Every structure is written in structure tokens, then in C-alpha cells.
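Below: one structure, written as C-alpha cells.
The values are calculated or read from the model by the stated rules, or taken from the named source; none is laboratory data. All values derive from a computational prediction rather than experimental measurement. Cβ: placed from backbone, ideal geometry, glycine included. Neighbour counts: every protein chain shown. Side chains included, ligands, DNA and RNA excluded: accessible areas come from the protein's heavy atoms. Shrake-Rupley method; radii C 1.70, N 1.55, O 1.52, S 1.80 Å.
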Amino acid sequence: MLTIVAGLAASFAGLMAPSLIGDIADTRMVLPTIAVNHVPFWIGLMVMIGVVGLRCRPATARSSQPPRSSRATSSSVGRWRISTTRSCLRYTRIVAVPMTIGGPFALYRPEPGLLLVLAFDILFAGCVVPLFAGVYWPQANSVGAVASIVCGTGARIAMNFLVPEELAGLDTLLPPVLSAIVFIPACLLTQSSQTSRHHVVGRPAEALAPHGD
């Protein structure tokens, strides 16, 4: 409920900005302008404290390369590869390389808010289709999921540079569609290979597992 209230308040502030401010030269200054000139002092003060507090919270302050690399390693590779602390350190060092290379992308668009939206868009573009299909579609498999994630995230990153501003919104809506278009054929074409991995000499792999496994 608090999220809905906060989200609606921010949405209405944006909708009212043209009538309150008039000609908006820099849209990034809408919130500070409203907080300073168009609301009671204590409300504007709380808005500015919230913005500063968001930037200073621990999760934001400690988002440097080593912690991000460690979290990415434990969340993905760690589920089936990492068995020791030394292995975790090795994979963390490997993952840190592409993250460090991708970090300077922020210089291209030094706007934390837009970069945060882009990060969620990339996740949405690549993962929403395999997530829901994995729950509701029995023929979904890992090959289709990987193909869908690669296609969706790649399309979203590419469209960030290719889609003009007058068509803004397509770069968010089209990548999940492309992800689904790739996901379904990839799953259907790899059904036999995925099924064979779960059977040994015609017997289900579950039947060969020890009792209680």
C-alpha cells in the first residue's frame, strides 16, 4: 500500500508539472522545482531528504565492483559450480572483468535514474518470458531459457542506442516479444535432447536415484 501511495504521488507530480512549471527545459529538474517552489516547506524538505537518503543508503553506497561480482557469482555460477571458497574467489575475479568493462557505460548517460530503469528493462526483456513459461508451460527447457535471455537482453541493449526518442517505449515493449519468439521454437526444437538427458536406457532418471534423494 505504501508503494502504491508513493508511486501515485510521483506520477501525479509528473502529470501536473506542465501546468505548474510551464515550459520545462530540463525534465530532470521537475521534482526539485516542485519541491522548492510549489509545495509547503516541510514537504519539499522531506522530498529532498528522501532523494539524498536514497543515494546514501548502504545498498547504494556499497555497490562497487567486488560486491556486485560476488553477488552475481553466488546467484548464478554458484548454484552448480562453486564448492569451496577458493572456487568462489576465482569465479568472482572472472565475473569482475566484464562488469568493470561495462561500468564506463554510465559516462555515456550519467543519469542514475535512467540507468536504474534500463537495468530493470534489461531484466524484464530477458527473463519475464522464460520465468512465466517455466512455471506454466510443461515443454519449457533450459536451452530455450538461455536463448530467450540472450535475445531479450541483447535486443534491449541494442535498442537503447538505436531507437530514436520520438519512438521511446518501443525499446521496452519489443524485446520481450522477441524473447518469446526465440523461446518457443528453441524449446520445441530441443525437446528430444532435453528429454534424453533425464532418461537412462529408457528408464526415468528419478527411478535410478537412491531412496530419499
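Computed from the C-beta positions of Leu167 and Ile4, the FRET efficiency with R₀ = 35 Å rounds to 0.75.
Cα-Cα pairs above 15 Å in the range 108-179: how many percent?
Working: 1375 of 2556 pairs.
Value for the range 108-179 (Cα pairs over 15 Å): 54 percent.
Ordering of 11-24, 119-132 by packing is 119-132, 11-24, highest average first (other Cβ atoms within 10 Å, averaged per residue).
Highest mean first, what order results for 138-147, 156-165 on Cβ atoms within 10 Å?
Working: 138-147: 17.2, 156-165: 13.8.
In descending order of packing, they fall as 138-147, 156-165.
Note on the range 82-150: with neighbouring protein chains present and a 1.4 Å probe, carbon and sulfur make up 75 percent of its accessible heavy-atom surface.
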